[in-house]
Amino acid sequence: MADSVATSITPGTRSRMIQRALVIAYVAVLVLVPLVVVTWKTFEDGMSAFWTALSSDQSVTAIKLTAEVSVAAVILNTIFGVGMAILLTRYRFPGRRLLGALADLPISVSPIVVGLALLLVYGPNYFFGKQLAGVGISLMFNVPAMIMATAFVSLPLILREIVPVLDEEGIDQEQAARVLGANVWQRFRRIILPTIRPALMYGIVLGLARSIGEFGAVAVVSGNFSGANATQTMPLAIAERFNQGVGGYYPLAFLLIVVTVLAIVLTSIRRKKKVDAQ
Amino acid sequence: MTATFDVAEGGAPLAAAPLTRSSNDEGGERLSRGSGLGLGIAVIWLSLLVLIPLAAVVAKGFGGGWSGFWTAITRTQALDALWLTVWTSLLVAAVNAVMGTLIAWVLVRDKFRGSRLIDIVIDIPFALPTIVAGVVLLSVYGTNSPVAINLLGTQRGIAFAMLFVTLPFVVRSVQPVLAALDLESEQAAACLGAGPLVIFRRIVLPLLLPAIASGAALAFARAMGEYGTVLLIGGGLDRTKVASMYAFQLHQAFDDQGAAAVATVLLVISLVVILSLDLIQRRMARRG
Amino acid sequence: MKTVLRPRRVAAALALASAAVLGVSACTSSGGGSGNSISIVAFSVPKPAYDALSTAFQKTSAGKGVKFSASYGPSGTQAGLVASGQKADYVGFSLEPDMAKLVPTYVDPNWNSGSSKGTVSQSVVVICVRAGNPKHVTGWSDLIKPGVKIVTPDPATSGSAKWNLLAAYSHVLADGGTTAQAEQYVGAFFKNVVSKPDSGADAMATFTSGTGDVLVSYENEAIYARQTGKKIDYVVPDESILIQNPGAITKNASKPSADFLKFVESDPGQKIFASVGFRPVNPNLSPGTVQGANDPSNPFPKVKKLTTIDQLGGWDTVNSKFFDPDKGIITKIENSSS
């Protein structure tokens, strides 16, 4: 790119500075300032207060439960995401496009609607809920409902990562492998899996970050129990502490922020590598 | 050639490329017994988790027939909540369209020290737990604001919170397109004497429009349904009660039919937006 | 042949794995009475009390090794949850009608046949204001002045809300006014309401976050807020209503639950309630010093004109007369002012 041409199609220095300033100010006001303030408020009372809040019974149970629910949801979504991605990109069947659109649906559904939707089907007074209650299985208000709600909201994330990759790569290799006699399972293990591994990792990290943070949907389906047999995740614990007017929600919030930022940083490193490689 | 926004861009969860490409109608195997079973299981899972519950919401919303549905959504509170949600989401989508494009432009075309930090920071609102975002925004822009800006209980505050969570949508949608643009046309126009503004308006912008539109549509859908982030800054006032909060309130008061009716309206609006987005993209893809 | 079976088996295995993940967690039901644990489902306001009561109970011989789990929320919603199948051992609500929702299916009909008639805690309705009382609120009549922004919970979900509205209504009667004047007052009251949060605790959080000029709430909410450092003051008006909160154990409650209920009703239990601002049910029990009260050494001053629910006709009458969704006096006033 010749410098003289480059400078003639880029705006002058002054407008460039203005653009930069606008962008920095916008992002600062929206994101950076709040993050700084929260960090400050978290450690306002010192490190020991921070650790005490995080190691209280309610916090520890909430952290464990959040991890449990998120991991379960991500496992479910990974199985579904990989399977669905292969079906959508390697096969031909009527309704393929519709299925793809439906699988993408959860991204635009309000979390309150998600919770309500699950409740209306699996709640004790509704169709499936009643049948299941008959055999002694109670989903609603318990951990399974929370897993389902979390899986719902992050369902498309892994799928969306893998599909573009499978669309672009690996087709020729698979065809060659098929010609040479490899079966479906071998093709999956040897060609598809390595192809999607980076995107899959990215999707899993994103899915985990999304899952640990889910609030609205879980608030509707959970019984919000803290203590033994808890059904209170970290976001729910934060909300309860805020409502009850007792402090100690900043440390939990801060922990979630740290995990989120870590996830973002990890995935952005990978994204930079990909963009640089192009 | 398909529009550049269809290019596989690893790590862009918010690039709104459709999940199925028309090119695959020619390629692709037919289903065997194994994959047929896999498809069956996938469809059953999707139905059990997503489709049947969403259908149940619509069914419950119409539980009292058309009149029950109509009554539920024409109550003053319902109309107020729905209108507030729609106009703030539209406003937020519009602001995002402009600012998101500007941010993407600066990040792609003008790499300065610190732009890397901004690039990373942009994704945080998407992944941040909504209740944390709510607490965070309230602590900075609430009553005891350390920067002396109080948005508690204002509709501005609601819009601000929505801007927070939708920050990455347009940026991440436009970035890959912008990055993959071939500079030849711009350089040619510059040689012919066009200024940067004209170049942007006439050459770059038309190429970015599909990406901007899809990002803005996603931002709109997300803002429409947002709950945790707007909950606290709303301050509990009626005039800052968005549709999701209103539906939750109805649910708490055991008016599930009312809640489902409002939820149905939200679903329909989201569906319309997503479908038109899909149509626009296909038309653009064919033209490009 | 082998190649066709393989993917089918894999697909089936994956399906089973998914079902297993859900199934394993389904079998561990939560909040259920299992041997040595007590699950509490209560309204939002007494959480500090039940937290302290649980800890104290675990130190007694009857409560050794007992695990607690607890869920708090708006009284009406919590009662509805238990009625929809949410498992619970001990239930505590803001008012009797919410408990009555669970009788006889989940709670025995003779739950209130004991000496305290099932009441486990008491309080009165007070008016909370900003520190220093900038709007100089001294009583109910100040609330309907123009420009005063009132925060009070939503009667559709919250028990506190109903107590508040009954206090607002009945104070006029206590001062010798007519029912028409009382209804007029409630209308003016609603006109000044700017926020109706879900629950009593929610309302306090909304108020302390900066919404509104006054909050109508339980006396114990005000006291506990001040104990936790919130900068608010509260006014005990000349006329108020006696709040009585019911508590009971469910029909399939775990073994230690009955002992826990006894503990809650006992003098040590009532003292714990008093320490966070509730008025003891036993009028002869001295509450001691209660931090956060206007006067910690005399934390529960006598209300000059205290109305009780019995004076208004008992909850069965009151609930339908005032809060019936279609014909309730207060419901109608609320709907016409929105």
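The values are calculated or read from the model by the stated rules, or taken from the named source; none is laboratory data. Every value quoted in this text rests on a predicted model; they were computed, and no experiment measured them. Ideal geometry is used to build each Cβ from the backbone, glycine not excepted, and the neighbour counts take in all protein chains shown.
Would you mind finding the one in A:LEU116, A:LEU139, A:LEU105 that is at pLDDT 90 or above and facing another protein chain (nearest Cβ under 7 Å)? Walk me through how you get there before you give the answer.
Values: A:LEU139 fails: at pLDDT 90 or above; A:LEU105 fails: at pLDDT 90 or above.
After ruling out the rest, the residue left standing is A:LEU116.
Every residue in segment A:137-156 that is among the β-branched types (Val, Ile, Thr) and either under 22 Å from A:LEU99 (Cβ atoms) or surrounded by 24 or more Cβ atoms within 10 Å (Cβ to Cβ) (or both), please.
Matches in segment A:137-156: A:VAL143, A:ILE147, A:THR150, A:VAL153.
State all residues of segment A:9-31 that are buried (at least 16 other Cβ atoms within 10 Å of the Cβ) and either among the β-branched types (Val, Ile, Thr) or part of a helix (DSSP H, G or I) (or both); if no residue qualifies, say none.
Of all residues in segment A:9-31, those buried (at least 16 other Cβ atoms within 10 Å of the Cβ) come to A:9-11, A:16, A:19-20, A:23-24, A:26-27, A:29-31.
Of everything in segment A:9-31, those that are buried (at least 16 other Cβ atoms within 10 Å of the Cβ) and either among the β-branched types (Val, Ile, Thr) or part of a helix (DSSP H, G or I) (or both) turn out to be A:ILE9, A:THR10, A:ARG16, A:GLN19, A:ARG20, A:VAL23, A:ILE24, A:TYR26, A:VAL27, A:VAL29, A:LEU30, A:VAL31.
Could you please tell me which pairs satisfy a Cβ distance under 8 Å, a separation of 6+ or placement on different chains, a first residue in segment B:74-101 that is more than 11 Å from chain A (Cβ to nearest Cβ) and free of Cβ contacts under 8 Å to residues at least 12 places away in the same chain, and a second residue that is outside any helix (DSSP H, G or I) and of a type outside the set (Asp, Glu)?
Hits for this filter: B:THR76/C:SER338.
Of the residues that make up segment C:115-135, is at least one over 30 Å from C:GLY85 (Cα atoms), among the small types (Gly, Ala, Ser), in contact (Cβ under 8 Å) with a residue 60 or more places away in the chain and part of a loop (DSSP other than H, G, I, E, B)?
The answer is yes; a qualifying residue exists.
Going residue by residue through segment C:139-161, is there one that turns out to be within 10 Å of chain B (Cβ to nearest Cβ) and on the phi > 0 side of the Ramachandran plot? It would help to see each step written out before you state the result.
The first filter runs over segment C:139-161 and keeps only residues within 10 Å of chain B (Cβ to nearest Cβ), leaving C:149, C:151, C:153-158.
From the residues that got through so far, the ones that are on the phi > 0 side of the Ramachandran plot too are none.
Checking segment C:139-161: not a single residue is within 10 Å of chain B (Cβ to nearest Cβ) and on the phi > 0 side of the Ramachandran plot.
Here are some conditions: (1) assigned to a loop (DSSP other than H, G, I, E, B); (2) facing chain B (nearest Cβ under 10 Å). A:ASN224 meets all but one. Which one does it not meet?
(2)
For a quick check of your reading of the model, give me the residue pairs whose first member lies in segment A:165-191 and is touching a residue at least 40 places away in the same chain (Cβ under 8 Å), whose second is part of a helix (DSSP H, G or I) and small (Gly, Ala, Ser), with beta-carbon atoms closer than 7 Å and at least 6 apart or on different chains.
Once the first residue is touching a residue at least 40 places away in the same chain (Cβ under 8 Å) and sits in segment A:165-191, its partners that are part of a helix (DSSP H, G or I) and small (Gly, Ala, Ser) give A:LEU166/A:ALA85.
For residues that are in contact (Cβ under 8 Å) with a residue 12 or more places away in the chain and surrounded by fewer than 19 Cβ atoms within 10 Å (Cβ to Cβ), tally how many sit in segment C:288-310.
Filtering segment C:288-310 down to residues in contact (Cβ under 8 Å) with a residue 12 or more places away in the chain leaves C:288, C:290-294, C:299-301, C:303-309.
So of that shortlist, the ones also surrounded by fewer than 19 Cβ atoms within 10 Å (Cβ to Cβ) come out as C:288, C:291, C:294, C:301, C:304-306, C:308.
Looking only at that region, the number is 8.
Please go through segment A:35-52 and pick out each residue that is within 14 Å of chain B (Cβ to nearest Cβ) and under 15 Å from A:ILE238 (Cβ atoms).
A:VAL38, A:LYS41, A:THR42
What are the residue pairs meeting all of these: first residue in segment B:151-180, first residue farther than 23 Å from B:GLY235 by Cα and in contact (Cβ under 8 Å) with a residue 40 or more places away in the chain, second residue among the basic types (Lys, Arg) and part of a helix (DSSP H, G or I), Cβ atoms under 9 Å, and 6 or more apart or on different chains?
B:PHE169/B:ARG222; B:LEU178/B:ARG109
In segment B:106-165, what residues are within 12 Å of B:LEU232 (Cα to Cα) and assigned to a loop (DSSP other than H, G, I, E, B)?
Selection gives B:GLY142, B:THR143, B:LEU151, B:LEU152, B:GLY153, B:THR154.
Evaluate segment C:218-233: report whether one residue or more is within 11 Å of another protein chain (Cβ to nearest Cβ), in contact with a Cys (Cβ under 7 Å, 6 or more places away or on another chain) and among the β-branched types (Val, Ile, Thr).
Checking segment C:218-233: at least one residue is within 11 Å of another protein chain (Cβ to nearest Cβ), in contact with a Cys (Cβ under 7 Å, 6 or more places away or on another chain) and among the β-branched types (Val, Ile, Thr).
Restricting to segment A:237-248, give me the number of residues that are at the interface with chain B (Cβ under 8 Å from one of its Cβ atoms) and under 22 Å from the mean Cα position of the chain (by Cα).
Matching residues across segment A:237-248 total 2.
Give the number of residues within segment A:210-220 that are within 13 Å of the chain's Cα centre (by Cα) and either more than 16 Å from A:ILE238 (Cβ to Cβ) or more than 9 Å from every other protein chain (Cβ to nearest Cβ) (or both).
Selection size over segment A:210-220: 2.
Restrict the check to segment A:88-96 and report whether at least one residue is within 7 Å of another protein chain (Cβ to nearest Cβ) and hydroxyl-bearing (Ser, Thr, Tyr).
Yes, some residue in segment A:88-96 is within 7 Å of another protein chain (Cβ to nearest Cβ) and hydroxyl-bearing (Ser, Thr, Tyr).
Go through (1) closer than 19 Å to C:TYR218 by Cα; (2) loosely packed, with under 14 Cβ neighbours inside 10 Å; (3) not charged (D, E, K, R) for C:THR317 and report which single condition fails.
Result: C:THR317 passes all but (1).
Could you tell me how many of the residues in segment A:251-278 are at pLDDT 90 or above and over 20 Å from the mean Cα position of the chain (by Cα)?
Matching residues across segment A:251-278 total 1.
Across segment B:239-284, what is the number of residues that are over 15 Å from C:THR157 (Cβ atoms) and over 21 Å from the mean Cα position of the chain (by Cα)?
The initial filter retains those residues of segment B:239-284 that are over 15 Å from C:THR157 (Cβ atoms), namely B:239-240, B:242-244, B:257, B:260-284.
Add one more test, that the residue is over 21 Å from the mean Cα position of the chain (by Cα), and what stays is B:239, B:257, B:260-261.
Number satisfying all stated conditions: 4.
Just one of A:THR52, A:THR61 is touching a strand residue (DSSP E or B) at 6+ places or on another chain (Cβ under 7 Å), over 17 Å from B:ILE131 (Cα atoms) and polar (S, T, N, Q); which is it? Even if it seems obvious, please write down each step before you answer.
Values: A:THR52 fails: touching a strand residue (DSSP E or B) at 6+ places or on another chain (Cβ under 7 Å).
Of A:THR52, A:THR61, the one residue that is touching a strand residue (DSSP E or B) at 6+ places or on another chain (Cβ under 7 Å), over 17 Å from B:ILE131 (Cα atoms) and polar (S, T, N, Q) is A:THR61.
So for segment C:58-65 (the condition being within 14 Å of chain A (Cβ to nearest Cβ), of a type outside the set (Ser, Thr, Tyr), in a helix (DSSP H, G or I) and farther than 26 Å from C:LYS321 by Cα), does at least one residue qualify? I'd like the intermediate steps shown before the answer.
Narrowing segment C:58-65 to residues within 14 Å of chain A (Cβ to nearest Cβ): C:58, C:63, C:65.
Add one more test, that the residue is of a type outside the set (Ser, Thr, Tyr), and what stays is C:58, C:63, C:65.
Now narrow it down to the ones that are in a helix (DSSP H, G or I): C:58.
After this cut, where a residue has to be farther than 26 Å from C:LYS321 by Cα as well, the list is C:58.
Yes; the residues of segment C:58-65 include at least one that is within 14 Å of chain A (Cβ to nearest Cβ), of a type outside the set (Ser, Thr, Tyr), in a helix (DSSP H, G or I) and farther than 26 Å from C:LYS321 by Cα.
Looking only at segment C:33-53, how many residues end up being assigned to a helix (DSSP H, G or I), within 10 Å of chain A (Cβ to nearest Cβ) and either free of Cβ contacts under 8 Å to residues at least 60 places away in the same chain or surrounded by fewer than 21 Cβ atoms within 10 Å (Cβ to Cβ) (or both)?
Of the residues in that region, 1 qualify.
Could you tell me which numbered condition B:HIS251 fails, if it satisfies all but one of (1) more than 9 Å from chain A (Cβ to nearest Cβ); (2) under 27 Å from B:LEU138 (Cβ atoms); (3) assigned to a helix (DSSP H, G or I)?
Unmet for B:HIS251, out of (1) more than 9 Å from chain A (Cβ to nearest Cβ); (2) under 27 Å from B:LEU138 (Cβ atoms); (3) assigned to a helix (DSSP H, G or I): (1).
Among the residues of segment A:178-200, which ones are at the interface with chain B (Cβ under 10 Å from one of its Cβ atoms) and closer than 30 Å to B:ILE131 by Cβ?
Selection gives A:ALA199 alone.
State yes or no: is B:LYS60 more than 14 Å from chain C (Cβ to nearest Cβ) and part of a loop (DSSP other than H, G, I, E, B)?
Answer is no for this residue.
Take B:LEU205 and tell me if it is of a type in the set (A, V, I, L, M), surrounded by fewer than 22 Cβ atoms within 10 Å (Cβ to Cβ) and either touching a strand residue (DSSP E or B) at 6+ places or on another chain (Cβ under 8 Å) or more than 10 Å from chain A (Cβ to nearest Cβ) (or both).
Criteria met by B:LEU205.
Which of the following residues is farther than 29 Å from B:ALA219 by Cα, buried (at least 23 other Cβ atoms within 10 Å of the Cβ) and at pLDDT below 85: A:GLY134, A:GLY129, A:GLY123, A:GLY170?
The match here is A:GLY129.
Keeping to segment B:211-239, report how many residues are more than 10 Å from chain A (Cβ to nearest Cβ) and either in contact with a Phe, Trp or Tyr (Cβ under 6 Å, 6 or more places away or on another chain) or hydroxyl-bearing (Ser, Thr, Tyr) (or both).
Residues flagged as more than 10 Å from chain A (Cβ to nearest Cβ) and either in contact with a Phe, Trp or Tyr (Cβ under 6 Å, 6 or more places away or on another chain) or hydroxyl-bearing (Ser, Thr, Tyr) (or both) within segment B:211-239 amount to 4.
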